[in-house]
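The values are calculated or read from the model by the stated rules, or taken from the named source; none is laboratory data. Bear in mind the structure is a predicted one, so any value in this text is a computation, not a measurement. As a convention, Cβ positions derive from the backbone with ideal geometry for all residues, glycine included, and neighbour counts pool all protein chains shown. The protein model used for the area step is the full one, side chains on, heavy atoms only, and it has no ligands, DNA or RNA in it. Shrake-Rupley method; radii C 1.70, N 1.55, O 1.52, S 1.80 Å.
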Amino acid sequence: MTATFPSTRLRRTRTTGWSRALHRENHLLPSDLIWPLFVTEGQGVEEPIPTLPGVSRWSVDVIGRRARAAADLGIPCVALFPNTQPDRRSENGAEALNSDNLMCRAIREIRAVCGDDIGVLTDVALDPYTSHGQDGLIDEAGYVLNDATVEVLVGQALNQAAAGADIIAPSDMMDGRVGTIRKALEANGHVNVQIMSYAAKYASAFYGPFRDAVGSRGLLKGDKKTYQMDPANAEEALREVAMDLSEGADSVMVKPGLPYLDIVRAVKDRFEVPVFAYHVSGEYAMIEAAVAAGIGEREPLVMETLLAFKRAGCSGILTYHADFAARVLNG
Ligand code: PBG
(Lines give C-alpha, C1' and ligand atoms only; values in the text may rest on other atoms or scores of the structure.)
Protein backbone atom coordinates (compact mmCIF):
# COMPACT_ATOMS: atom_id res chain seq x y z
CA MET A 1 0.00 0.00 0.00
CA THR A 2 1.37 3.40 -1.01
CA ALA A 3 -1.28 5.62 0.53
CA THR A 4 0.05 9.02 1.47
CA PHE A 5 -1.45 12.05 3.14
CA PRO A 6 -3.29 14.14 2.08
CA SER A 7 -4.48 12.24 -0.98
CA THR A 8 -5.41 9.54 1.50
CA ARG A 9 -7.30 10.67 4.58
CA LEU A 10 -8.70 7.69 6.46
CA ARG A 11 -11.10 10.01 8.29
CA ARG A 12 -12.87 10.83 5.02
CA THR A 13 -15.11 7.73 5.08
CA ARG A 14 -15.88 8.29 8.78
CA THR A 15 -17.38 11.74 8.28
CA THR A 16 -21.06 10.79 8.24
CA GLY A 17 -23.25 8.08 9.65
CA TRP A 18 -24.29 6.75 6.23
CA SER A 19 -20.67 6.48 5.16
CA ARG A 20 -19.65 4.70 8.35
CA ALA A 21 -22.51 2.26 7.75
CA LEU A 22 -21.39 1.74 4.16
CA HIS A 23 -17.83 0.93 5.18
CA ARG A 24 -18.63 -1.18 8.21
CA GLU A 25 -16.78 -4.51 7.93
CA ASN A 26 -18.59 -6.59 10.55
CA HIS A 27 -22.15 -6.83 11.75
CA LEU A 28 -23.79 -8.32 14.79
CA LEU A 29 -27.16 -9.98 14.26
CA PRO A 30 -29.57 -11.73 16.63
CA SER A 31 -28.79 -14.89 14.63
CA ASP A 32 -25.19 -14.73 15.93
CA LEU A 33 -26.31 -15.35 19.50
CA ILE A 34 -26.71 -18.43 21.68
CA TRP A 35 -28.50 -17.77 24.96
CA PRO A 36 -27.51 -19.85 28.03
CA LEU A 37 -30.44 -20.73 30.32
CA PHE A 38 -30.25 -22.21 33.82
CA VAL A 39 -32.87 -24.74 34.82
CA THR A 40 -34.05 -25.56 38.34
CA GLU A 41 -36.69 -27.70 40.08
CA GLY A 42 -40.13 -26.45 41.07
CA GLN A 43 -43.20 -24.89 39.51
CA GLY A 44 -43.37 -21.36 38.15
CA VAL A 45 -39.94 -20.59 39.56
CA GLU A 46 -37.75 -17.66 38.61
CA GLU A 47 -34.74 -17.61 40.90
CA PRO A 48 -32.33 -14.66 40.47
CA ILE A 49 -28.60 -15.45 40.70
CA PRO A 50 -26.91 -12.77 42.86
CA THR A 51 -23.47 -13.02 41.20
CA LEU A 52 -25.09 -12.89 37.73
CA PRO A 53 -27.37 -9.86 38.11
CA GLY A 54 -30.19 -9.98 35.56
CA VAL A 55 -29.89 -13.76 35.03
CA SER A 56 -32.23 -16.27 36.67
CA ARG A 57 -32.77 -19.98 37.00
CA TRP A 58 -36.11 -21.10 35.58
CA SER A 59 -38.20 -24.14 36.37
CA VAL A 60 -39.00 -26.57 33.56
CA ASP A 61 -42.62 -25.44 33.21
CA VAL A 62 -41.56 -21.87 32.34
CA ILE A 63 -38.39 -22.63 30.35
CA GLY A 64 -40.36 -23.17 27.13
CA ARG A 65 -41.60 -19.60 27.30
CA ARG A 66 -38.03 -18.30 27.67
CA ALA A 67 -37.01 -20.22 24.57
CA ARG A 68 -40.11 -18.99 22.72
CA ALA A 69 -39.18 -15.39 23.58
CA ALA A 70 -35.64 -16.00 22.34
CA ALA A 71 -36.89 -17.49 19.06
CA ASP A 72 -39.21 -14.50 18.60
CA LEU A 73 -36.18 -12.20 18.97
CA GLY A 74 -34.35 -14.13 16.22
CA ILE A 75 -31.98 -15.97 18.55
CA PRO A 76 -31.37 -19.34 16.86
CA CYS A 77 -30.26 -21.44 19.82
CA VAL A 78 -30.36 -21.76 23.61
CA ALA A 79 -27.82 -23.58 25.80
CA LEU A 80 -29.12 -25.42 28.86
CA PHE A 81 -27.46 -25.83 32.27
CA PRO A 82 -29.15 -27.57 35.21
CA ASN A 83 -28.96 -26.67 38.88
CA THR A 84 -29.29 -30.24 40.14
CA GLN A 85 -30.82 -30.69 43.59
CA PRO A 86 -28.16 -31.53 46.20
CA ASP A 87 -29.67 -34.95 46.95
CA ARG A 88 -29.30 -35.92 43.28
CA ARG A 89 -25.58 -35.16 43.18
CA SER A 90 -23.24 -38.06 43.76
CA GLU A 91 -19.61 -39.12 43.58
CA ASN A 92 -20.10 -40.55 40.04
CA GLY A 93 -22.63 -38.02 38.73
CA ALA A 94 -25.12 -40.76 37.80
CA GLU A 95 -27.96 -38.23 37.56
CA ALA A 96 -26.43 -37.18 34.21
CA LEU A 97 -27.71 -40.51 32.83
CA ASN A 98 -31.25 -40.17 34.16
CA SER A 99 -33.64 -39.75 31.22
CA ASP A 100 -35.91 -37.71 33.48
CA ASN A 101 -33.26 -35.33 34.84
CA LEU A 102 -33.75 -31.56 34.72
CA MET A 103 -31.87 -31.23 31.47
CA CYS A 104 -33.93 -33.84 29.63
CA ARG A 105 -37.22 -32.46 30.92
CA ALA A 106 -36.17 -28.95 29.84
CA ILE A 107 -35.23 -30.18 26.35
CA ARG A 108 -38.62 -31.87 25.95
CA GLU A 109 -40.48 -28.82 27.27
CA ILE A 110 -38.69 -26.48 24.84
CA ARG A 111 -39.42 -28.86 21.98
CA ALA A 112 -43.09 -29.01 22.99
CA VAL A 113 -43.42 -25.22 23.12
CA CYS A 114 -41.13 -24.23 20.23
CA GLY A 115 -40.96 -27.19 17.87
CA ASP A 116 -38.01 -26.66 15.54
CA ASP A 117 -38.13 -22.86 15.84
CA ILE A 118 -35.03 -22.87 18.03
CA GLY A 119 -32.04 -25.13 18.54
CA VAL A 120 -31.21 -26.67 21.89
CA LEU A 121 -27.53 -27.02 22.83
CA THR A 122 -26.68 -29.18 25.81
CA ASP A 123 -23.52 -29.21 27.88
CA VAL A 124 -21.77 -32.53 28.37
CA ALA A 125 -19.69 -32.63 31.58
CA LEU A 126 -20.43 -34.02 35.01
CA ASP A 127 -19.95 -30.93 37.20
CA PRO A 128 -23.66 -30.14 37.69
CA TYR A 129 -24.16 -33.73 38.90
CA THR A 130 -21.10 -34.60 41.02
CA SER A 131 -20.90 -34.11 44.78
CA HIS A 132 -17.29 -32.88 44.33
CA GLY A 133 -17.98 -30.39 41.54
CA GLN A 134 -15.38 -31.81 39.13
CA ASP A 135 -16.34 -32.43 35.49
CA GLY A 136 -15.47 -36.13 35.64
CA LEU A 137 -14.89 -39.20 37.80
CA ILE A 138 -12.10 -38.85 40.37
CA ASP A 139 -9.67 -41.30 41.96
CA GLU A 140 -8.73 -41.39 45.68
CA ALA A 141 -6.32 -38.51 45.17
CA GLY A 142 -8.98 -36.38 43.50
CA TYR A 143 -7.44 -36.73 40.03
CA VAL A 144 -10.02 -36.62 37.25
CA LEU A 145 -9.82 -39.91 35.32
CA ASN A 146 -9.90 -39.51 31.54
CA ASP A 147 -11.06 -42.76 29.96
CA ALA A 148 -13.53 -43.73 32.68
CA THR A 149 -15.05 -40.26 32.47
CA VAL A 150 -15.39 -40.47 28.69
CA GLU A 151 -17.51 -43.62 29.09
CA VAL A 152 -19.96 -41.75 31.30
CA LEU A 153 -19.96 -38.70 29.01
CA VAL A 154 -21.03 -40.92 26.11
CA GLY A 155 -24.03 -42.05 28.15
CA GLN A 156 -24.80 -38.45 29.06
CA ALA A 157 -24.62 -37.35 25.42
CA LEU A 158 -26.89 -40.21 24.27
CA ASN A 159 -29.34 -39.36 27.06
CA GLN A 160 -29.51 -35.74 25.88
CA ALA A 161 -29.79 -36.71 22.21
CA ALA A 162 -32.63 -39.12 23.01
CA ALA A 163 -34.45 -36.27 24.79
CA GLY A 164 -34.13 -34.16 21.63
CA ALA A 165 -30.93 -32.11 21.94
CA ASP A 166 -29.77 -30.63 18.63
CA ILE A 167 -26.18 -29.78 19.52
CA ILE A 168 -24.09 -31.75 21.99
CA ALA A 169 -21.42 -29.52 23.52
CA PRO A 170 -18.77 -31.43 25.48
CA SER A 171 -17.27 -28.94 27.94
CA ASP A 172 -15.28 -31.43 30.00
CA MET A 173 -11.90 -31.30 28.19
CA MET A 174 -11.27 -35.05 28.44
CA ASP A 175 -9.07 -36.41 25.65
CA GLY A 176 -10.86 -38.49 23.02
CA ARG A 177 -14.41 -37.67 24.04
CA VAL A 178 -15.50 -36.09 20.76
CA GLY A 179 -14.69 -39.19 18.69
CA THR A 180 -16.23 -41.56 21.19
CA ILE A 181 -19.41 -39.49 21.43
CA ARG A 182 -19.62 -39.12 17.63
CA LYS A 183 -19.37 -42.90 17.15
CA ALA A 184 -22.08 -43.52 19.72
CA LEU A 185 -24.40 -40.92 18.17
CA GLU A 186 -23.96 -42.52 14.73
CA ALA A 187 -24.53 -46.01 16.11
CA ASN A 188 -27.76 -44.89 17.78
CA GLY A 189 -29.30 -43.17 14.79
CA HIS A 190 -28.54 -39.59 15.87
CA VAL A 191 -26.68 -38.87 12.64
CA ASN A 192 -27.84 -35.24 12.45
CA VAL A 193 -27.15 -34.34 16.07
CA GLN A 194 -24.25 -31.91 15.94
CA ILE A 195 -21.20 -31.70 18.15
CA MET A 196 -19.91 -28.27 19.11
CA SER A 197 -16.83 -29.05 21.15
CA TYR A 198 -15.49 -26.80 23.82
CA ALA A 199 -12.15 -27.38 22.08
CA ALA A 200 -10.01 -24.69 23.67
CA LYS A 201 -11.38 -24.29 27.14
CA TYR A 202 -9.08 -22.65 29.64
CA ALA A 203 -8.79 -23.12 33.41
CA SER A 204 -10.16 -19.64 33.99
CA ALA A 205 -10.98 -17.39 36.92
CA PHE A 206 -13.97 -16.07 34.97
CA TYR A 207 -16.29 -19.04 35.66
CA GLY A 208 -17.20 -18.18 39.26
CA PRO A 209 -20.76 -16.89 38.77
CA PHE A 210 -21.60 -19.88 36.55
CA ARG A 211 -20.58 -22.23 39.33
CA ASP A 212 -22.96 -20.34 41.63
CA ALA A 213 -25.68 -20.68 39.02
CA VAL A 214 -25.36 -24.48 38.77
CA GLY A 215 -24.60 -24.82 42.48
CA SER A 216 -21.12 -26.32 42.17
CA ARG A 217 -18.96 -23.49 43.54
CA GLY A 218 -19.22 -24.54 47.18
CA LEU A 219 -18.62 -28.20 46.31
CA LEU A 220 -15.51 -27.82 44.19
CA LYS A 221 -12.26 -28.56 45.97
CA GLY A 222 -9.14 -27.46 44.19
CA ASP A 223 -9.20 -26.44 40.56
CA LYS A 224 -9.60 -27.89 37.05
CA LYS A 225 -6.04 -27.35 35.85
CA THR A 226 -5.33 -31.03 35.10
CA TYR A 227 -7.87 -30.97 32.28
CA GLN A 228 -8.72 -27.39 31.32
CA MET A 229 -5.99 -25.51 29.44
CA ASP A 230 -3.27 -23.27 30.82
CA PRO A 231 -4.13 -19.62 29.98
CA ALA A 232 -0.51 -19.18 28.89
CA ASN A 233 -0.89 -21.51 25.90
CA ALA A 234 -1.91 -20.77 22.31
CA GLU A 235 -0.20 -23.46 20.21
CA GLU A 236 -1.80 -26.09 22.37
CA ALA A 237 -5.24 -24.63 21.57
CA LEU A 238 -4.60 -25.33 17.89
CA ARG A 239 -3.72 -28.94 18.71
CA GLU A 240 -6.93 -29.27 20.76
CA VAL A 241 -8.97 -27.92 17.86
CA ALA A 242 -7.21 -30.19 15.33
CA MET A 243 -7.94 -33.23 17.49
CA ASP A 244 -11.62 -32.40 17.95
CA LEU A 245 -12.11 -31.71 14.23
CA SER A 246 -10.42 -34.98 13.31
CA GLU A 247 -12.76 -36.76 15.73
CA GLY A 248 -15.87 -35.31 14.10
CA ALA A 249 -16.67 -31.98 15.76
CA ASP A 250 -18.99 -29.93 13.53
CA SER A 251 -17.89 -26.68 15.13
CA VAL A 252 -15.47 -25.64 17.83
CA MET A 253 -15.62 -23.24 20.73
CA VAL A 254 -13.09 -21.07 22.50
CA LYS A 255 -13.78 -20.20 26.12
CA PRO A 256 -13.65 -17.71 27.87
CA GLY A 257 -14.28 -15.06 25.23
CA LEU A 258 -12.84 -11.57 25.26
CA PRO A 259 -9.47 -12.45 26.87
CA TYR A 260 -9.00 -15.20 24.25
CA LEU A 261 -9.92 -13.49 20.97
CA ASP A 262 -6.36 -14.12 19.75
CA ILE A 263 -7.17 -17.84 19.95
CA VAL A 264 -10.43 -17.35 18.03
CA ARG A 265 -8.58 -15.58 15.24
CA ALA A 266 -5.78 -18.16 15.13
CA VAL A 267 -8.28 -21.04 14.96
CA LYS A 268 -10.31 -19.33 12.23
CA ASP A 269 -7.23 -18.59 10.11
CA ARG A 270 -5.76 -22.06 10.52
CA PHE A 271 -8.82 -24.31 10.14
CA GLU A 272 -11.53 -22.31 8.31
CA VAL A 273 -14.31 -23.97 10.30
CA PRO A 274 -17.21 -22.51 12.31
CA VAL A 275 -15.75 -21.06 15.51
CA PHE A 276 -17.85 -20.01 18.46
CA ALA A 277 -16.81 -18.26 21.65
CA TYR A 278 -18.32 -18.28 25.11
CA HIS A 279 -18.56 -14.84 26.66
CA VAL A 280 -18.58 -16.39 30.10
CA SER A 281 -20.30 -15.58 33.36
CA GLY A 282 -17.43 -13.56 34.88
CA GLU A 283 -17.19 -11.45 31.74
CA TYR A 284 -20.94 -10.79 31.84
CA ALA A 285 -20.79 -9.94 35.54
CA MET A 286 -17.90 -7.53 35.00
CA ILE A 287 -19.92 -5.53 32.49
CA GLU A 288 -22.93 -5.50 34.81
CA ALA A 289 -20.71 -4.40 37.72
CA ALA A 290 -19.30 -1.60 35.57
CA VAL A 291 -22.81 -0.47 34.68
CA ALA A 292 -23.91 -0.60 38.33
CA ALA A 293 -20.84 1.43 39.33
CA GLY A 294 -21.61 4.10 36.73
CA ILE A 295 -18.46 3.36 34.76
CA GLY A 296 -20.27 2.91 31.48
CA GLU A 297 -23.65 2.30 29.89
CA ARG A 298 -24.87 -1.22 29.27
CA GLU A 299 -25.91 -0.90 25.65
CA PRO A 300 -22.68 0.49 24.15
CA LEU A 301 -20.53 -1.74 26.38
CA VAL A 302 -22.41 -4.89 25.39
CA MET A 303 -22.70 -4.10 21.69
CA GLU A 304 -19.01 -3.22 21.34
CA THR A 305 -18.05 -6.37 23.23
CA LEU A 306 -20.18 -8.69 21.12
CA LEU A 307 -19.09 -7.06 17.86
CA ALA A 308 -15.46 -7.74 18.84
CA PHE A 309 -16.24 -11.47 18.69
CA LYS A 310 -17.50 -11.10 15.11
CA ARG A 311 -14.40 -9.12 14.13
CA ALA A 312 -12.21 -11.86 15.59
CA GLY A 313 -13.89 -14.41 13.32
CA CYS A 314 -16.68 -15.94 15.39
CA SER A 315 -19.69 -17.53 13.72
CA GLY A 316 -21.58 -16.99 16.93
CA ILE A 317 -21.34 -16.09 20.60
CA LEU A 318 -22.71 -17.76 23.70
CA THR A 319 -23.64 -14.87 25.95
CA TYR A 320 -25.92 -14.08 28.88
CA HIS A 321 -26.48 -10.73 27.13
CA ALA A 322 -28.13 -12.50 24.15
CA ASP A 323 -31.70 -11.43 24.89
CA PHE A 324 -30.65 -7.87 25.75
CA ALA A 325 -28.51 -7.57 22.60
CA ALA A 326 -31.22 -9.10 20.39
CA ARG A 327 -33.75 -6.61 21.74
CA VAL A 328 -31.36 -3.74 21.00
CA LEU A 329 -30.70 -5.07 17.49
CA ASN A 330 -34.41 -5.45 16.81
CA GLY A 331 -34.90 -1.81 17.83
C1 PBG B 1 -18.92 -26.93 33.01
C2 PBG B 1 -18.98 -25.59 32.43
C3 PBG B 1 -18.45 -24.41 32.98
C4 PBG B 1 -18.89 -23.38 32.16
C5 PBG B 1 -19.63 -23.95 31.11
N6 PBG B 1 -19.67 -25.33 31.29
C7 PBG B 1 -17.70 -24.15 34.23
C8 PBG B 1 -16.46 -24.84 34.50
O9 PBG B 1 -15.83 -25.43 33.61
O10 PBG B 1 -16.07 -24.82 35.66
C11 PBG B 1 -18.61 -21.93 32.41
C12 PBG B 1 -19.56 -20.97 31.78
C13 PBG B 1 -19.55 -19.60 32.36
O14 PBG B 1 -18.72 -19.23 33.22
O15 PBG B 1 -20.42 -18.83 31.95
N16 PBG B 1 -18.03 -27.83 32.53
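When its C-alpha radius of gyration is set against 2.2 N^0.38 Å (N residues), the range 188-321 gives a value of 1.12. Over all other residues within a Cβ to Cβ distance under 11 Å of PRO209, the charged ones net out to -1, with Lys and Arg as +1 and Asp and Glu as -1. Take the chain and mark each of the trypsin sites (Lys or Arg not before Pro) that is in a DSSP loop with at most 12 other Cβ atoms within 10 Å; the longest unmarked stretch, sites excluded, is 25-220. Eigen-decomposition of the gyration tensor built on the alpha-carbon atoms of the range 1-123 gives equivalent ellipsoid semi-axes of 45, 16, 14 angstrom, largest listed first. Under 16 Å from the 7 Å Cα→Cβ point of MET286, by amide nitrogen: which residues of the range 302-331? Correct set: 302-309, 319-321.
Of the residues ALA96, ALA232, ALA148, the one that moves most in a GNM of the chain with alpha-carbon contacts below 10 Å is ALA232. Under Stokes-Einstein, with the Kirkwood radius over Cα pairs standing in for Rh, what whole-number D in µm²/s applies to the chain at 37 °C and 0.692 mPa s? Translational D for this selection: 160 µm²/s.
The residue among GLY296, ILE195, ALA141 whose Cα reaches farthest toward the positive pole of the charge dipole of the chain, with charges on the beta-carbon of Lys, Arg, Asp and Glu, is GLY296.
Backbone geometry of the range 183-198 corresponds, through the Karplus equation with coefficients 6.51, -1.76 and 1.60 at θ = phi - 60°, to 3J(HN,Hα) couplings of 4, 5, 5, 4, 5, 9, x, 8, 5, 9, 7, 7, 10, 10, 8, 6 Hz, x marking Gly and Pro. Simple spin-label estimate for ALA21 and ARG298 gives 2.6 nm between the two label positions (7 Å along the Cα-to-Cβ direction from each Cα). The simple spin-label model puts a point 7 Å past each Cα toward its Cβ; for GLU151 and ARG239 those points are separated by 2.7 nm. For the chain, modelled as a GNM whose springs connect Cα atoms under 10 angstrom apart, the maximal fluctuation among MET303, MET103, MET174 occurs at MET303. Rounded to whole numbers, the Karplus 3J(HN,Hα) couplings from phi for the range 137-149 are 7, 10, 8, 4, 7, x, 6, 7, 7, 6, 5, 5, 5 Hz, using 6.51 cos²θ - 1.76 cosθ + 1.60 with θ = phi - 60°, and x at Gly and Pro.
To the nearest 10, the accessible area of ILE167 is 20 Å² with a 1.4 Å probe. Solvent-accessible area of the range 27-329 (1.4 angstrom probe, protein heavy atoms only): carbon and sulfur portion equals 51 percent.
Computed extension length for SER31-SER99: 21.5 nm, one decimal, from 0.36 nm per residue of separation with the Cα-Cα distance subtracted. Charged neighbours of ARG327, selected by a Cβ distance under 11 Å, balance to -3 (K, R count +1; D, E count -1). Past the 13 angstrom mark, what percentage of all C-alpha to C-alpha distances in the range 199-257 do you count? The calculated P(r) of the range 199-257 puts 66 percent of pairs beyond 13 Å.
Amide H to amide H distances under 5 Å link LEU37 with ALA79, LEU80, PHE81, where only residues 5 or more positions off or on other chains count and H is placed in the peptide plane. The residues of the chain expose, per residue, 45 Å² of accessible area to a 1.4 Å probe.
Only lysine pairs 8 or more places apart or on separate chains count here, and in the chain those with Cα atoms under 23 Å apart total 13. Counting only protein heavy atoms and using a 1.4 Å probe, the accessible area of VAL113 comes to about 60 Å².
Here the label points at VAL191 and VAL273, each 7 Å from Cα along the C-beta direction, are separated by 2.1 nm in the simple model.
Sites listed here are GluC sites (Glu not before Pro) in the range 1-67 whose DSSP assignment is loop and whose Cβ has at most 11 other Cβ atoms within 10 Å: GLU25.
For the chain, the mean residue ellipticity at 222 nm estimated from helices alone is -12000 deg cm²/dmol, where every DSSP H run of n ≥ 4 contributes -39500 (n - 2.57) and the total is divided by all residues, rounded to the nearest 500.
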